[in-house]
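Student: My questions all concern the structure below.
The values are calculated or read from the model by the stated rules, or taken from the named source; none is laboratory data. The model shown is predicted, which means the values in this text are computed figures rather than measured ones. For neighbour counting, all protein chains shown are included, and Cβ atoms are generated from backbone atoms with ideal geometry for every residue, glycine included. Ligands, DNA and RNA are excluded from the accessible area calculation, which covers all protein heavy atoms including side chains. Shrake-Rupley method; radii C 1.70, N 1.55, O 1.52, S 1.80 Å.
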Amino acid sequence: MARRSEKRHRSARGDRAHKAVHRLRTTVRRVAVDWFRGSGSDWPALAALLLLVPLLAGATVAWPEWCPPESLVLPLVAGGLLLRPASLLGLYAVVATALVLETALIETDRRTPDPVTPGSILVVAAVALTGLLIAQFRSRVGVPWRRGGTMLFDLRERIRTQSALPALPDGWHREMSLRPAGGQSFSGDFVVAARTGPGRRVLEVVLADVSGKGMDAASRSLLLSGAFGGLLGSLPPHAFLPAANGYLLRQSWDEGFATAVHLVLDLESGDYELLSAGHLPGVQLSAGTGRWQEIAAEGPLLGVWDEAEFHPAKGTLRPGDVLMLFTDGLVERPGRDLTEGIDRLTGEADRYVATGFKGAAWHLVEAVARDVNDDRALLLISRE
């Protein structure tokens, strides 16, 4: 009985120790995650910076040649990135006190020349003001610097994943090139695509161009790409553009319009329908004639008219045929006719007929609109 009781006590002590370790590990992990997300306490960072200030001030008094008074901007810069505005003001008070003490101690020591000049004070004050503005902006946005860059990177990767074209069966080739204005990571042009229908035999692709360009249109583009991705495949093909138009109208944006082209392609027969909402026509290369033909559908801009109707253009992709869809940044130029821009694009595309258009999308954008300060998107689908 005594041995059993001792074993039970040992087991209970082991369980308590295991639970204590588990609680400690969970607490440390939660604190670390909260700190990384910016929702944790900033007291550790504030304490470290408060300790750094007297060290820098003492080094300035002892070795002004190696540690000038402007070194106090280092904790100010770090505080602007790490601390909340209330904590940052406390750090500023300590830095100001250190600067005053530096001046008094150096004057008492009769050092010449005096390293604490009006210029030094102005530099520290300017950095302090900049740090406070940064901290207030982060506080208002609600995105700390430790998480802000990661969030934007995650958004960019999600957009790329959503814009990826699905794999096609043998005998088909697809490519896409998307170039934001000014070399930025976010664009007013976007693509959503999905395989739908019985046996996933239908390819649906939507190429959209939101009003504006680059970062100015990025937020609306992000919202619309998610909404369009949810609608695509959930509605019959002819109901997609009316639903997208209604969605834009409900947003009541000042610049709430967009253009879009919706391709519905049967991957077994090659028959397709092209529906357009104020978008540029597509172009198709016929392998039999070697000529490019514009495929134009009728429909108004999205987000402008409540009872808009969209009438499709129909066609067939036969073996060797190519269909290209693009946005206006690729072919439109001030003072130049739209037809001229399309002719230049198709002329460059003729060079890739012999290679089956492998890798053509990227090179076409480079050749036709490399230095254009506008969003550019090109979608290419060919039947081998």
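Student: Could you list, in sequence order, the residues of the stretch 343-362 that are closer than 22 Å to SER187 by Cα and crowded, with 16+ Cβ neighbours inside 10 Å?
Tutor: Looking only at the stretch 343-362, we keep the residues that are closer than 22 Å to SER187 by Cα, and these are 345, 359-362.
Correct list: LEU345, ALA360, ALA361.
Student: Please pick out the residue among ALA258, ALA287, ALA296 that is without any contact (Cβ under 8 Å) to a residue 24 or more places away in the chain and either open to solvent by less than 80 Å² (accessible area, probe 1.4 Å) or of a type in the set (A, V, I, L, M) (or both).
Tutor: Sole residue among the options that is without any contact (Cβ under 8 Å) to a residue 24 or more places away in the chain and either open to solvent by less than 80 Å² (accessible area, probe 1.4 Å) or of a type in the set (A, V, I, L, M) (or both): ALA296.
Student: Count, please, the residues in the stretch 161-212 that happen to be open to solvent by 20 Å² or more (accessible area, probe 1.4 Å), touching a strand residue (DSSP E or B) at 6+ places or on another chain (Cβ under 7 Å) and assigned to a loop (DSSP other than H, G, I, E, B).
Tutor: Here the count works out to 5.
Student: Within the stretch 161-178, can one find any residue that is at pLDDT below 70 and farther than 30 Å from ALA78 by Cα? Working first, answer last.
Tutor: Restricting attention to the stretch 161-178, the residues satisfying the condition of being at pLDDT below 70 are none.
Within the stretch 161-178 (the criterion being at pLDDT below 70 and farther than 30 Å from ALA78 by Cα), the answer is no, since none of the residues qualifies.
Student: Oh, and also: What about LEU224, is it over 20 Å from ALA167 (Cα atoms), in a helix (DSSP H, G or I) and touching a residue at least 60 places away in the same chain (Cβ under 8 Å)?
Tutor: Values: over 20 Å from ALA167 (Cα atoms): yes; in a helix (DSSP H, G or I): yes; touching a residue at least 60 places away in the same chain (Cβ under 8 Å): no.
Taking the combined requirement at face value, the residue does not satisfy it.
Student: Within the stretch 300-319, is even one residue touching an Asp or Glu at 6+ places or on another chain (Cβ under 9 Å), basic (Lys, Arg) and farther than 23 Å from ASP189 by Cα?
Tutor: Among the residues of the stretch 300-319, at least one is touching an Asp or Glu at 6+ places or on another chain (Cβ under 9 Å), basic (Lys, Arg) and farther than 23 Å from ASP189 by Cα, which makes the answer yes.
Student: Look through LEU76, LEU83 and report the one residue that is at pLDDT 80 or above, open to solvent by less than 20 Å² (accessible area, probe 1.4 Å) and within 25 Å of ALA47 (Cβ to Cβ).
Tutor: Sole residue among the options that is at pLDDT 80 or above, open to solvent by less than 20 Å² (accessible area, probe 1.4 Å) and within 25 Å of ALA47 (Cβ to Cβ): LEU76.
Student: Additional query: Mind listing whichever residues of the stretch 370-384 are more than 29 Å from GLY270 (Cβ to Cβ) and surrounded by 15 or more Cβ atoms within 10 Å (Cβ to Cβ)? Quick ask: steps written out before the conclusion?
Tutor: Restricting attention to the stretch 370-384, the residues satisfying the condition of being more than 29 Å from GLY270 (Cβ to Cβ) are 370-375.
VAL372, ASP374, ASP375, listed by residue number.
Student: If you check every pair at least six apart or on different chains, which have Cβ atoms under 6 Å apart with a residue in the stretch 303-331 that is within 13 Å of HIS262 (Cα to Cα) first and a residue that is acidic (Asp, Glu) and outside any helix (DSSP H, G or I) second?
Tutor: Taking only residues 6 or more apart or on different chains, the pairs are HIS311/GLU298; PRO312/GLU273; LYS314/GLU273; THR327/ASP189; THR327/ASP209.
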